[in-house]
1. Looking at F14, F38, can you tell me which residue is in contact with a Gly (Cβ under 8 Å, 6 or more places away or on another chain) and closer than 26 Å to G283 by Cα?
2. How do the helices (runs of 4 or more DSSP H) wholly within the stretch 42-126 filter down when requiring 2 or more residues that are over 21 Å from C151 (Cβ atoms): which remain?
3. In this structure, does T209 turn out to be touching a residue at least 40 places away in the same chain (Cβ under 8 Å), more than 23 Å from T8 (Cβ to Cβ), β-branched (V, I, T) and more than 16 Å from ligand 2 (Cβ to nearest atom)?
4. Is it the case that the stretch 336-351 has a residue that's at pLDDT 95 or above and either over 24 Å from the mean Cα position of the chain (by Cα) or among the polar types (S, T, N, Q) (or both)?
5. Need pairs with beta-carbon distance below 9 Å; first residue more than 6 Å from ligand 1 (Cβ to nearest atom) and within the stretch 93-106, second polar (S, T, N, Q) and part of a helix (DSSP H, G or I); sequence gap 6+ or separate chains.
6. Within the stretch 174-201, track down each residue that is more than 10 Å from ligand 1 (Cβ to nearest atom) and hydroxyl-bearing (S, T, Y).
7. Of the residues in the stretch 152-167, how many are surrounded by fewer than 19 Cβ atoms within 10 Å (Cβ to Cβ) and either more than 21 Å from H368 (Cα to Cα) or within 14 Å of ligand 2 (Cβ to nearest atom) (or both)?
8. Let me spell it out: the conditions are (1) crowded, with 19+ Cβ neighbours inside 10 Å; (2) farther than 17 Å from G111 by Cα; (3) among the acidic types (D, E), and D149 meets all of them except one. Which number is the exception?
Amino acid sequence: MKDFTYYTPTDVVFGRGAEEHVAEMVVRHGGHKVLVHFGGRSARDSGLLDKVLGQLREAGTDFITMGGVVPNPRLSLVKEGIALCRREGVDMILAVGGGSVIDSSKAIAYGMPYEGDVWDFFTGKAQPDTSVPVGCVVTIPAAGSEMSDSCVITDEAHDDKRGFSSPLGRARFAIMNPERTFTLPKWQTAAGVADIMMHTMERYFSPDTDMDLTDGLAEALLRSMKENVFKVLEDPRNYRARAQIMWGASLSHNGLTECGLQRDWACHKLEHELSGLFDVTHGAGLSAIWPSWARYVYKENVGRFVQFAVNVMGVPNDFSDPEATALSGIAAMERFYRAIGMPANLPELMGRQLTEDEIRELARRCSHDGAITVGNFKVLNRKDMEAVYRAANR
Ligand code: NZQ
Ligand code: ZN
């Protein structure tokens, strides 16, 4: 079992009417002048934005607004946000939205006190000493950014999507009302669940396998997501199922399911190149990659894939043939993805096969021209990355 630190400082308000506590949370966490940051239409159309602004007004909290965050949030808007917040003397960013809005907020928060280019943090050129506090009102369970230490931004001028993680990236508070997710379209609901499950799977498929408490938490979380997603696809207003998924999103990426383990993260790295280059939905990019990744790496630890097959996917254990059980688990996951409307390979994701040049370009970017490897369950070099993309392209 690996030594670990576990730092989850985010103050959570969860449940019906949770957004009514927004002004109170802003004050509790020291906000005097707030940038309310949001995406396209959903928060406005649902009335959530008006409710949040009304709360702030009533509490006498000064605020400005900036919308327009798109999925795979853009660096140019982050830079606009930094300039605006400096000009206006903002001391807290309040994200009203999903992972994209929260990440855009985190990037603005890193950039405000930094004299250089905020992109330096994403390229590894600099480390932040401080950041402006971020709070969030979550509207989609998926990225888990509300409790994670990560922030993922796309430099659209170079089709370059990069993540940056730091303890400073943890939101001060997160407000989560599952009712606010009733309006999610099926595609976003399912892509969110694919992402949530992957955050735990990236940790579960670890070279370390002697932490059975963490395994048990991970398996329960995965089973819960797998079962509840069908309930919300059938009935989008199923509060109980929406609530399990919303809390699952936060727990899956706040570090709980990695205590004592070394995480893998290869599928995320491979996916970020896909959404960087082709602007695909993150969760769908993950489901399109995972089955091919799994078949490429399972021999590193067949027993781990057997455990996943039996404890998560409910596949009967063929004790005489562990490899067959492992492969049945992967096939069951593939069927699960398709059953919730997610792609299980690249042609299903893209509507076409990628060209050989595109595959090589994805692997070139993911490996930083061959300079880095990804993954720990099996370490993947540039050739391995090409092989996984190629296998997913059939
Ligand atoms: O822009 P609006 O109109 O608000 O629509 C959004 C958006 O189109 C819509 N939506 C959100 N809440 C809704 C809703 N529609 C109806 N009803 C609601 N209640 O959903 C769409 C997707 O929103 P987005 O914020 O992009 O989703 P998600 O939370 O999946 O975030 C994806 C981004 O997070 C990154 C991904 O790479 C991607 O850029 N990630 C961030 C992580 C982190 N910071 O820890 C970890 C993840 O692995 C991931 O990489
Ligand atoms: Zn993810």
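1. Values: F14 fails: in contact with a Gly (Cβ under 8 Å, 6 or more places away or on another chain).
The conditions single out F38.
2. Values: elements: 42-45, 48-59, 75-88, 99-111, 119-123.
Per the criteria, 42-45, 48-59, 75-88.
3. Numbers: touching a residue at least 40 places away in the same chain (Cβ under 8 Å): yes; more than 23 Å from T8 (Cβ to Cβ): yes; β-branched (V, I, T): yes; more than 16 Å from ligand 2 (Cβ to nearest atom): yes.
Taking the combined requirement at face value, the residue satisfies it.
4. Of all residues in the stretch 336-351, those at pLDDT 95 or above come to 336-351.
Pick out the ones that are also either over 24 Å from the mean Cα position of the chain (by Cα) or among the polar types (S, T, N, Q) (or both) and you get 345.
Checked the stretch 336-351: at least one residue is at pLDDT 95 or above and either over 24 Å from the mean Cα position of the chain (by Cα) or among the polar types (S, T, N, Q) (or both).
5. I93/S104; I93/S105; L94/S105; A95/S104; A95/S105
6. Listed by number, the list holds a single entry, T200.
7. Residues of the stretch 152-167 surrounded by fewer than 19 Cβ atoms within 10 Å (Cβ to Cβ): 155-160, 162-163, 165-167.
With the extra rule that they be either more than 21 Å from H368 (Cα to Cα) or within 14 Å of ligand 2 (Cβ to nearest atom) (or both), the set shrinks to 162-163, 165-167.
Result for the stretch 152-167: 5.
8. It is condition (2) that D149 fails.
The values are calculated or read from the model by the stated rules, or taken from the named source; none is laboratory data. Treat the numbers as computed from the prediction; the structure is a model and nothing was measured. Cβ coordinates were reconstructed from backbone atoms using ideal geometry, including for glycine residues, and neighbour counts include every protein chain displayed.
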